Amino acid sequence: MSRRQRFLGLLLGAILFPAWAMAGIQPGNLTQALESADSGDTLELEPGLFTGHYRIDTSLTLQGSPGTIIDGGGEDTILTIAAPEVLVEGLLLRNSGDNLTDHDSAIFVAETARDTHIHANRIQANGFGIWVDSAPNVLIERNRITGNSDIRSQDRGNGIHLHNVNGAMIRDNTACEARDGIYINVSDDNTLVGNRLCDQRYGIHYMYSNNNTVRGNRSWGNRTGYALMQSTNLEIINNRSENDKGYGFLMNYITQSTLRGNSAVDIKSSTVPDGTESIEGGEGKALFIYNSQKNRIHGNTFARTAIGIHMTAGSENNEIHGNSLISNRTQVKYVSNRAQEWSKDGRGNYWSDYMGWDIDDDGIGDVPYEPNDAVDRILWTYPMARVLMNSPAVELMRWVQSAFPILKPQGVKDSHPLMRPPETQDQQS
């Protein structure tokens, strides 16, 4: 090949393959690279500080290197994905805007961005971490998202926010110090697996969403671990809430759903803003059930909390069996006069304070467990009456109930209490 031919070849290559395509993209060239890219391209960013706001309108891979930082300058959304089948991975995104009305985010996934994959990024969010807006079949995995603790909790965005999203897989992410770790709104048929949520309002928060699976997640230090609201057919399986404040699992208008194999332990009392004293009625609750019906609650552990299960406001026709309630100060708080049977097919729950016996040694207590009496109801309804707890009047009321059972109000009854904590499905496998 002649010298002239080699020169023409190099010139043609420079025209067809710009410098950013032949080597990593350097700060200052990203906008041009995104605008010039073809479908299927991989844009690899060099280490360095990229500043500004970027938009992906082509199906491509945007890949960071160790030390790649994209900084939004404290305004707007940093990266908008508007094309389908985009992969974004290995970036550090920081300093987005904090205007929640405008959905300022580190990454915003538009409706046209189906099958987006967001993988192994680090996000330091002023607003939302990742907002997915109506895009189906997204995969968000192995990202680490932190909110800005200098902003009031209620003014931060959510770590991962799904709005009107179907078919999403959200797995193995960490979200801490946001408003809510993962927020799901009017979004059906999604799966949340193996995520870690800490130090925010709600770890996982559901609103008006159906047919979702929440499995193997861990929550700690949140004001509520799992806030499940106005939804149906949720599968809440093998999740853990530990050292959350207020509630481990909260069910508000939840129907036809399953809670199985979960644990809520050491749930703390809510506190006033200065953190020095308990709010009246803010006792820690491992499970709170409010106006929720036709649910299956079994194989769970609720332990070392002020109230194991608090049920109220028309929560009926729920199957509650095979659970372990261990060393809760109050095992059950149930203020209603309608009877509830908490056993199924001759097997109830394990109660650490059960004082009955098992003469035939079949593992089932021979006398029912009834956690509450008329005195409990009076004290819940009129908290000031606690000063009379050890008075002769209270002792007389309890004696009358035992001597004349017909006077005992209807409430929760476990006719077949377990003598030992049942093995969960996980323990058996």
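The table for this structure:
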| read-out | value |
| --- | --- |
| Those aspartates and glutamates that a straight Cα-Cα span of less than 15 Å connects to Lys294, excepting residues fewer than 8 apart in one chain | Glu235, Glu316, Glu319, Glu341 |
| ³J(HN,Hα) computed for each position of the range 61-78 - Karplus, 6.51 cos²θ - 1.76 cosθ + 1.60, integer Hz, glycine/proline x | 10, 10, 10, x, 10, x, x, 7, 10, 10, 10, x, x, x, 9, 6, 8, 6 |
| Base-10 log of normalised Debye intensity for the range 80-223 (one unit scatterer per alpha-carbon) at q = 0.12, 0.19, 0.21 Å⁻¹ | -0.39, -1.06, -1.33 |
| Rg ratio (alpha-carbon, reference 2.2 N^0.38 Å) - the range 78-150 | 1.02 |
| Size-normalised alpha-carbon gyration radius of the range 187-251, reference 2.2 N^0.38 Å | 1.00 |
| For Trp357, solvent-accessible area (1.4 Å; no DNA, RNA or ligand), Å² | 130 Å² |
| Surface per residue (accessible, 1.4 Å probe) for the range 104-243, Å² | 33 Å² |
| Arg179 accessible area, assembled protein chains, probe 1.4 Å, Å² | 50 Å² |
| Separation of the Glu89 and Ser39 label points, Cα + 7 Å toward Cβ, nm | 2.2 nm |
| Antiparallel DSSP beta bridges within the range 51-112, percent to nearest 5 | 0 percent |
| Accessible-area composition of the range 206-334, carbon plus sulfur, in percent [1.4 Å probe] | 44 percent |
| Angstrom value of the Kirkwood radius, inverse mean 1/r, which spans all Cα pairs in the range 148-286 | 14.7 Å |
| Alpha-carbon centroid distance for the pair the range 311-342 / the range 168-212, whole angstrom | 27 Å |
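The values are calculated or read from the model by the stated rules, or taken from the named source; none is laboratory data. Quick caveat, the model's predicted, so the values are computed rather than measured. So basically every Cβ, Gly included, is an ideal-geometry build from the backbone, and we count neighbours across all protein chains shown. Accessible surface areas use protein heavy atoms only, side chains included; no ligands, DNA or RNA. Shrake-Rupley method; radii C 1.70, N 1.55, O 1.52, S 1.80 Å.
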